[in-house]
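Peer 1: Quick one: structure below, then a few questions.
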Amino acid sequence: MTKQSALAVNALALLPAHIKVGFVQNECVNGEYFTDGELCLTVSGDEYHFYVAVKTIHRKESLSSLLADTAPNTLLICNRLTPYLADICIENGVNFIDSAGNVRINNGALYIWIESQQTIQSKNDFNLASKSNKLGEGAAKLLFALLSSPDVLNLSYREIAEYANISLGMVSKGLGILQAESLISLGDTRRMLDTERMLSLWIESYRLSIRPKLGGIRLQLEREWQDIPMEEDDFWGGEAAAEKLTQYLHPQELQLFTRQPLQQKLAQLKCRPNPEGLLWLVPAFWGDKLAWSETSQALLAVAELEASKDSRNIEVARMIHEQYL
């Protein structure tokens, strides 16, 4: 068995049992890419055919030579890819199966994301039916971008990464999680399938994954909150956002997201740091390309209000949900 044949056999052997594999290697070498063999994957009775390149990849340059011939029906079988090289494959639409058991396939009809247990520390795949409904920070940020602007789902993976302020790899992983839970469809037409469940997941994931990592600084407020100088890239969250949407809640604790460096915004506000202060100044966690809307404001308001566990806030959160979400 040649080294190339062994690489293909070993990589394909790691596919899950429910994926049936038929691989015919081409014995005639002609120097062209994706002519090393033909692969048939059978999933749930449906067959998907790919022209295969079997290649050892160690650097970006090794991948670059493949890109001109890459198509939805081509697939790379290779050695274990680093996260950096895997991201390049995702960015350029290169389907691949590597020898560590990692799989990224998206041909429009078949979507497979498998992250090998050799490369991650988590004990189990994400499952909303498990004891924890927690999405990681990156997937939660992706969820916020999709709920804020559903059209983001139909952008390229690179653009989605910019809108959500996450890595390319996290885009693919996050979309895979959401599709596995029947929240979105990644077929020929990408679409959201269960917005209500996505909203519930957003509220919980904000509390568990985003809020603890916001950082920022607590400030002593020396004026009425309406008099705080606001720039184009400043956004209210929590109680102030709720008041702007409903005119029903008199804010007691304030949350202000900003894109400015915190020290610069702090100087503009002329407020003193105070760990017990009522104004929480935090950096915006979403990408600067994401268009701000009432929906964005409502998502931030509802998530922070629900996280407060205050009955008064939760009542207003329900009002915002009904009116804006």
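Peer 1: Of the numbered conditions (1) surrounded by fewer than 20 Cβ atoms within 10 Å (Cβ to Cβ); (2) more than 21 Å from E196 (Cα to Cα); (3) of a type outside the set (V, I, T), L249 satisfies every one except a single condition; which is it?
Peer 2: Result: L249 fails condition (1) only.
Peer 1: Mind listing whichever residues of the range 194-211 are out of contact with any helix residue (DSSP H, G or I) (no Cβ under 9 Å at 6 or more places or on another chain) and not acidic (D, E)? Break it down into steps so the answer makes sense when it comes.
Peer 2: Start the filter on the range 194-211 by keeping residues that are out of contact with any helix residue (DSSP H, G or I) (no Cβ under 9 Å at 6 or more places or on another chain), which leaves 194, 196-197, 200.
Matches in the range 194-211: R197, S200.
Peer 1: Still on this model: Take the conditions assigned to a loop (DSSP other than H, G, I, E, B), of a type outside the set (F, W, Y), within 27 Å of S185 (Cβ to Cβ) and not assigned by TED's automatic domain parsing to the domain that holds R158 and apply them to L39. Does it pass? Show your work before the answer.
Peer 2: Values: assigned to a loop (DSSP other than H, G, I, E, B): no; of a type outside the set (F, W, Y): yes; within 27 Å of S185 (Cβ to Cβ): yes; not assigned by TED's automatic domain parsing to the domain that holds R158: yes.
No: the conditions fail for L39.
Peer 1: Could you figure out which of (1) surrounded by fewer than 18 Cβ atoms within 10 Å (Cβ to Cβ); (2) farther than 21 Å from E115 by Cβ isn't true of A13?
Peer 2: Single failed check for A13: (2).
Rundown of residues vs (1) more than 22 Å from R218 (Cα to Cα); (2) touching a helix residue (DSSP H, G or I) at 6+ places or on another chain (Cβ under 8 Å); (3) in contact (Cβ under 8 Å) with a residue 24 or more places away in the chain, yes/no style:
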{"residue": "M230", "(1), (2), (3)": "no, no, no"}
{"residue": "E243", "(1), (2), (3)": "no, no, no"}
{"residue": "F257", "(1), (2), (3)": "no, yes, yes"}
{"residue": "K265", "(1), (2), (3)": "no, no, yes"}
{"residue": "L269", "(1), (2), (3)": "no, no, yes"}
{"residue": "E304", "(1), (2), (3)": "no, yes, yes"}
{"residue": "K309", "(1), (2), (3)": "no, no, no"}
{"residue": "N313", "(1), (2), (3)": "no, yes, yes"}
{"residue": "E322", "(1), (2), (3)": "yes, no, no"}
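Peer 1: I'd like to know if the range 290-307 contains one or more residues that are under 23 Å from N165 (Cβ atoms), assigned by TED's automatic domain parsing to the domain that holds E224, modelled with pLDDT of 95 or more and not in a helix (DSSP H, G or I).
Peer 2: yes
Peer 1: Restricting attention to the range 16-34, and to residues there that are surrounded by 17 or more Cβ atoms within 10 Å (Cβ to Cβ) and assigned to a loop (DSSP other than H, G, I, E, B), which single residue is modelled with the highest pLDDT?
Peer 2: Step by step, filter the range 16-34, then rank; the result is F34.
Peer 1: Okay, next question. For the range 290-325, enumerate the residues that are β-branched (V, I, T) and either in contact with a Gly (Cβ under 7 Å, 6 or more places away or on another chain) or buried (at least 17 other Cβ atoms within 10 Å of the Cβ) (or both). Before the answer, list the steps.
Peer 2: If we filter the range 290-325 for residues that are β-branched (V, I, T), which is where we start, we get 295, 302, 314, 316, 320.
Those that are β-branched (V, I, T) and either in contact with a Gly (Cβ under 7 Å, 6 or more places away or on another chain) or buried (at least 17 other Cβ atoms within 10 Å of the Cβ) (or both): V302, V316, I320.
Peer 1: Name, by its number, the condition in (1) at pLDDT 90 or above; (2) in a loop (DSSP other than H, G, I, E, B); (3) among the hydrophobic types (A, V, I, L, M, F, W, C) that does not hold for L76.
Peer 2: Only one criterion is unmet by L76, namely (2).
Peer 1: Can you go through I166, I177, I160 and tell me which one is at pLDDT 95 or above and under 21 Å from N102 (Cα atoms)? Break it down into steps so the answer makes sense when it comes.
Peer 2: On the way: I177 fails: at pLDDT 95 or above; I160 fails: under 21 Å from N102 (Cα atoms).
Answer to the check: I166.
Peer 1: Can you tell me which residue within the range 134-171, out of those that are among the β-branched types (V, I, T) and in a helix (DSSP H, G or I), is nearest to the chain's Cα centre (by Cα)?
Peer 2: First, pick out the residues of the range 134-171 that are among the β-branched types (V, I, T): 152, 160, 166, 171.
So of that shortlist, the ones also in a helix (DSSP H, G or I) come out as 152, 160, 171.
Numbers: V152: 11, I160: 8, V171: 4 Å.
Only one residue fits best here, namely V171.
Peer 1: Kindly provide the set of residues from the range 42-67 that are out of contact with any Asp or Glu (no Cβ under 6 Å at 6 or more places or on another chain), of a type in the set (G, A, S) and either modelled with pLDDT of 90 or more or outside any helix (DSSP H, G or I) (or both), ordered by number.
Peer 2: Selection gives S44, G45, S65.
Peer 1: From the list M170, M198, M192, pick out the single residue that is surrounded by fewer than 17 Cβ atoms within 10 Å (Cβ to Cβ), among the aliphatic types (A, V, I, L, M), under 28 Å from S116 (Cα atoms) and outside the structural domain of D310 (by TED's automatic domain parsing). Show your work before the answer.
Peer 2: Details: M170 fails: surrounded by fewer than 17 Cβ atoms within 10 Å (Cβ to Cβ); M198 fails: surrounded by fewer than 17 Cβ atoms within 10 Å (Cβ to Cβ).
After applying the criteria, what remains is M192.
Peer 1: Which of the residues spanning the range 35-59 are surrounded by 11 or more Cβ atoms within 10 Å (Cβ to Cβ) and farther than 18 Å from V103 by Cβ? Spell out how you get there, then give the answer.
Peer 2: To start, the set of residues in the range 35-59 that are surrounded by 11 or more Cβ atoms within 10 Å (Cβ to Cβ) comprises 35-43, 47-58.
Within the range 35-59, T35, H58 qualify.
Peer 1: What is the residue count in the range 65-99 for residues that are touching a residue at least 60 places away in the same chain (Cβ under 8 Å) and among the hydrophobic types (A, V, I, L, M, F, W, C)? Break it down stepwise before answering.
Peer 2: First pass over the range 65-99, keeping only residues touching a residue at least 60 places away in the same chain (Cβ under 8 Å): 77-79, 83, 86-87, 90-91, 97-99.
Next, only the ones that are among the hydrophobic types (A, V, I, L, M, F, W, C) stay: 77-78, 86, 90, 97.
Residues meeting the conditions: 5.
The values are calculated or read from the model by the stated rules, or taken from the named source; none is laboratory data. In this text the structure is predicted, and so the values were computed from the model without any measurement. Please note: Cβ atoms are built from the backbone with ideal geometry, for glycine as well, and neighbour counts cover all protein chains shown.
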